[in-house]
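Report on one structure; see the data block that follows.
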Amino acid sequence: MLRASIKLILVAYAISALLVIAILIFASSQPTIGGLSTYWLLVIPALVGLRAGIKHVTRLATKLIITEDRVRYETGILSKSTRVMELSKVQDVRMDQRLGQRLIGVGNVSLETAGETSRIEMANIDGPQKVADHILEMVRAQRQK
């Protein structure tokens, strides 16, 4: 079972915590700016933390399950959506990494079959090249049966 990496989420949590500390230090030395309390600046790390929390829940609610002959992509918490793709019908396995993803060792893996709308993409997977190679090996094995 594959899930998106938690690395980027942890970075966002850390940035949020550092912002809180920096704002509290700043606010203790300068409690107001132009008549407004500097504690209002705490809204910024709250929003960063909220976004990280949403991404965290989304990560937990999305998974890619690779079995011997199928790939199943599940997403959702209250309502679920599932896509199933037979490995023998996979025509292309693609791995993409932006610069930031390369720096922390994550990337996007997508699987395609014949047809325009039959694509499954998992973003921010740890070790994306290994995952793509493993899926390709399983596709080849399935086609040889």
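Structure notes:
- Within segment 60-112, the set of residues being without any contact (Cβ under 8 Å) to a residue 24 or more places away in the chain, of a type in the set (A, V, I, L, M) and touching a strand residue (DSSP E or B) at 6+ places or on another chain (Cβ under 7 Å) comprises Ala61, Val84.
- Yes/no for Ser29 being free of Cβ contacts under 8 Å to residues at least 12 places away in the same chain, within 22 Å of the chain's Cα centre (by Cα) and exposed (fewer than 12 other Cβ atoms within 10 Å of the Cβ): no
- Residue match in segment 1-8 (condition: in a helix (DSSP H, G or I) and either free of Cβ contacts under 8 Å to residues at least 24 places away in the same chain or surrounded by 12 or more Cβ atoms within 10 Å (Cβ to Cβ) (or both)): yes
- All positions within segment 90-145 that are part of a strand (DSSP E or B) and among the basic types (Lys, Arg): Arg94, Arg119
- Selection within segment 67-80 - among the polar types (S, T, N, Q) and either surrounded by 10 or more Cβ atoms within 10 Å (Cβ to Cβ) or under 18 Å from Ile135 (Cβ atoms) (or both): Thr67, Thr75
- Checked against the criterion of being within 30 Å of His134 (Cβ to Cβ), of a type in the set (Gly, Ala, Ser) and not assigned by TED's automatic domain parsing to the domain that holds Asp133, segment 48-56 contains one or more residues that satisfy it.
- Selection from segment 19-70 of residues that are outside any helix (DSSP H, G or I) and charged (D, E, K, R): Lys63, Glu68, Asp69, Arg70
The values are calculated or read from the model by the stated rules, or taken from the named source; none is laboratory data. If you're wondering where the values come from, they're calculated on a predicted model, not measured in any experiment. Every residue, glycine as well, gets a Cβ built from its backbone with ideal geometry; the counts of neighbours run over all protein chains shown.
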